[in-house]
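Quick note: the coordinates plus some simple rules give every number you see, no bench work behind them. Everything quoted here is computed from the prediction, not taken from an experiment. Counting neighbours? That spans all protein chains shown, and the Cβs are built from the backbone with ideal geometry, glycine included.
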Amino acid sequence: MTSSPSDPSRHVSSRRDFLRVSTAASGVLLASPLAARSHAGGNGKLRIGLVGCGGRGTGAALNALRTHPENVLVAMGDAFTDHLENKLSYLQKDQRCGAQVQVDHAHRFVGFDAYKKVIDSADVVLLCATPHFRPRHLAYAVDKGKHIFAEKPCATDGPGIRSVAETVEKARKKKLNLVAGLCYRYHEPKVETMQRVHDGAIGDIVTVQATYHASQLWHRGKKPDWSEMEYQIRNWLYFNWLSGDGITEQHIHSLDKVAWVLNDFPTAVTASGGRSQRTQEKFGNIYDHFSTVYEFKGGQKAFCSWRQWDGSARDVSDFAYGTRGMAALQGHWIKAGGGDWKFPRGQKHRGMYDEEHVALFDAIRGKRPVINNGDYLWKSTLMAIMGRMSAYTGKRLTWEQAFNSKENLAPETYAWGDAPECKVAIPGVTEFV
Ligand SMILES: NC(=O)c1ccc[n+]([C@@H]2O[C@H](COP(=O)([O-])OP(=O)(O)OC[C@H]3O[C@@H](n4cnc5c(N)ncnc54)[C@H](O)[C@@H]3O)[C@@H](O)[C@H]2O)c1
C-alpha cells in the first residue's frame with residue numbers, strides 16, 4: 001500500500017509521535033483482520049518488551065522484528081533466569097534480526113513481577129507467558145497505555161475471563177491496539193474460506209464439526225531443588241490452574257474457528273472427557289481427551305473433539321455443513337453443487353504469525369484502523385473453559401453460568417513454595433462452582 005497524503009504515518013518522525021498518531025486513529029473493528037492490510041514497513045523505532053521467554057514468545061519476538069526492521073527488542077521477562085538467558089542468546093544469534101535484540105542486563109527481569117518492569121520499559125509488549133498470568137499482564141499493560149500482542153488463551157477461569165473482558169473495554173476506550181494470537185484469523189487461506197462461507201457459498205450453516213487429534217507434548221521433568229510451585233510452572237501444561245487444560249490451551253484454535261464461521265458464540269455446552277493415556281501423577285490434573293457439543297442460538301450445533309494421544313491417528317480438521325454445501329475450514333475448500341472452490345495450491349501468502357505483527361505495527365503506525373481482537377480472544381477462551389467445566393462436572397452448562405463461575409484457580413500467593421493442590425476432576429462428583 002502506498003501512503004496517501006492523508007496517511008498520518010507520512011508526517012510522524014519520532015516514536016512519541018507514532019504513539020500519538022496511533023491513539024488518534026479511529027477505533028474500527030474489522031470483520032477480517034487482513035481486510036485493510038498494508039505492506040510491512042514504515043519508519044521510526046518502537047521499543048518491544050517480551051513477557052514469557054518460551055517457544056512462542058521467542059517466535060513472536062522474531063515476527064515483530066523481522067516484519068519491521070526498525071523495531072528493537074529492549075526488555076525481556078520470565079519466571080526463570082535460565083529460560084530468559086537461553087532465549088535471549090538464541091535471539092541474539094538470529095542472522096536476520098540479531099542486531100535488533102538490544103536487551104542490556106538492566107532490562108532482563110525475572111520472577112512473578114517481571115512483567116511490570118518489562119511493560120514499563122516498552123512501547124509495545126508481547127504477552128506470551130503461561131496462560132494463567134495473562135489477565136494480570138493484560139490489565140497492567142492497558143493501564144500503562146501500551147500496545148499489545150497477546151497469546152491465546154487469555155485466562156483459565158471465570159474471574160480471569162471477567163478481568164480480561166473489562167481490560168478489553170479499557171483498551172478500546174484508550175484506542176490501544178490489541179492483537180490476539182488466535183493466529184488462524186490471520187491465515188489468508190482461512191480468511192478467504194470464511195469470507196466465502198459468510199457470503200453464502202454453502203447456504204445457512206446447520207452444523208460444524210471440529211477435530212484436533214494430536215500427540216503428546218513435552219514434559220520438563222522434576223529436580224529435587226525445585227519447589228512444588230517451580231515444578232508446576234515449569235510443567236504448566238499439565239496443571240489446570242496454569243493452562244486451563246488442553247481444551248483451553250490447544251483446542252481453542254478449533255473452537256475459535258467454530259465461533260468465527262458461525263459469527264457467534266455458544267449459548268450452552270455438554271461435554272465429556274477423561275484421562276485414558278496420560279494417567280501418571282506427573283501429568284498433573286488435566287484430561288487427555290474431550291468431546292463437546294456446543295449449542296448456538298440459531299439452532300446450530302458444533303461437535304468438537306480434542307485429544308493428545310501417542311500412537312493414535314492424528315487429525316486437525318474442521319467442516320461447516322450448510323443448506324447448500326460444505327466447507328473445509330482447515331483444508332480451505334468448498335463443495336456446493338456447481339460452486340466448488342479451493343484455495344489455489346501454491347498461491348503465495350505471508351505466514352499467519354508474521355501477518356499478526358504486520359497488522360499490529362501497521363495499526364500502531366496509523367496505516368490502518370486501531371485493532372482490538374480482545375472480544376474474540378476472551379470469548380473463544382470462555383468457550384473452551386465452559387467445555388472443560390462441563391466435562392469436569394458432567395453438567396450441561398450455559399454461557400452465563402460459565403462467565404459468572406466463582407471458581408478461582410489462583411494460588412493464595414505467588415511465591416516459590418507450595419502450589420495449589422491439583423485434583424483430577426470426576427464427572428458427577430466434581431461440583432460446578
Ligand atoms: N498461537 C499459537 O500457535 C501458539 C503456539 C504455541 C504456544 N502458544 C501459547 O503461547 C503461550 C506460551 O506457550 P509456549 O509454548 O511458549 O510455552 P513455554 O513454556 O515455552 O513458554 C512460556 C514461558 O512463560 C514463562 N512464564 C511462566 N510464568 C511466568 C510469569 N508469571 N511471568 C513471566 N513468564 C512466565 C515460562 O517460564 C516460559 O519460559 C501459551 O499461552 C500457549 O498457549 C500459542
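Between Arg314 and Glu228, the distance separating the two model label sites (each 7 Å from Cα on the Cα→Cβ line) works out to 3.5 nm. Per residue, the average separation of C-alpha pairs within less than 8 Å and at least 6 apart gives region 162-263 a relative contact order of 28 percent. Karplus-based coupling profile of region 273-288, in residue order and whole Hz: x, x, 10, 10, 10, 8, 9, 6, 4, 5, 8, x, 10, 8, 7, 10, with θ = phi - 60° in 6.51 cos²θ - 1.76 cosθ + 1.60 and x standing for Gly or Pro. Between Ala415, Ala64, Ala402, the GNM of the chain built on Cα springs shorter than 10 angstrom shows Ala415 fluctuating the most. Among the listed pairs Lys190/Lys342; Lys146/Lys170; Lys146/Lys175; Lys117/Lys146; Lys335/Lys379; Lys301/Lys395, a Cα-Cα separation exceeding 20 Å is found for Lys335/Lys379. Please list, by residue number, everything in region 385-424 whose backbone N is under 17 Å from a paramagnetic label point 7 Å out along Cα→Cβ of Ala139. From region 385-424, the list is 404-415. Taking other C-beta atoms within 10 Å as the exposure proxy, Asp78, Asp264, Asp288, Asp199 rank Asp199, Asp264, Asp288, Asp78 from fewest upward. Spin-label model, Asp94 to Arg275: label points 7 Å out along the Cα-to-beta-carbon direction sit 3.7 nm apart. Here is the list for region 271-310: trypsin sites (Lys or Arg not before Pro) lying in DSSP coil, each with at most 16 other C-beta atoms within 10 angstrom of its C-beta, are Arg275, Lys297. If you take the Cα centroid of region 141-155 and the Cα centroid of region 304-321, the two points sit 30 Å apart. Take every pair of alpha-carbon atoms less than 8 Å apart whose residues are at least six positions apart; their mean separation over the length of the chain yields a relative contact order of 22 percent.
Of the chymotrypsin sites (Phe, Trp or Tyr not before Pro) found in region 191-289, the ones in coil according to DSSP and having at most 16 other Cβ atoms within 10 Å of their Cβ are Trp218, Trp226. Computed per residue of the chain from DSSP H runs no shorter than four, each worth -39500 (n - 2.57), the mean residue ellipticity at 222 nm is -10000 deg cm²/dmol. The relative contact order of region 284-433 comes to 18 percent, based on Cα pairs under 8 Å that sit 6 or more residues apart. Ordering Glu85, Glu431, Glu192, Glu355 from the fewest to the most neighbouring beta carbons within 10 Å gives Glu431, Glu85, Glu192, Glu355.
At an R0 of 30 angstrom, the distance between the Cβ atoms of Asn404 and Lys174 translates into a FRET efficiency of 0.70. Residues within the reach of a label modelled at Lys348 (point 7 angstrom out along Cα to beta-carbon, backbone nitrogen below 18 Å), restricted to region 55-83, are 67-68. Ordering of 323-331, 133-141 by packing is 133-141, 323-331, highest average first (other Cβ atoms within 10 Å, averaged per residue).
Sorted ascending by nearby beta carbons within 10 Å, beginning with the fewest, His357, His213, His253 become His213, His253, His357.
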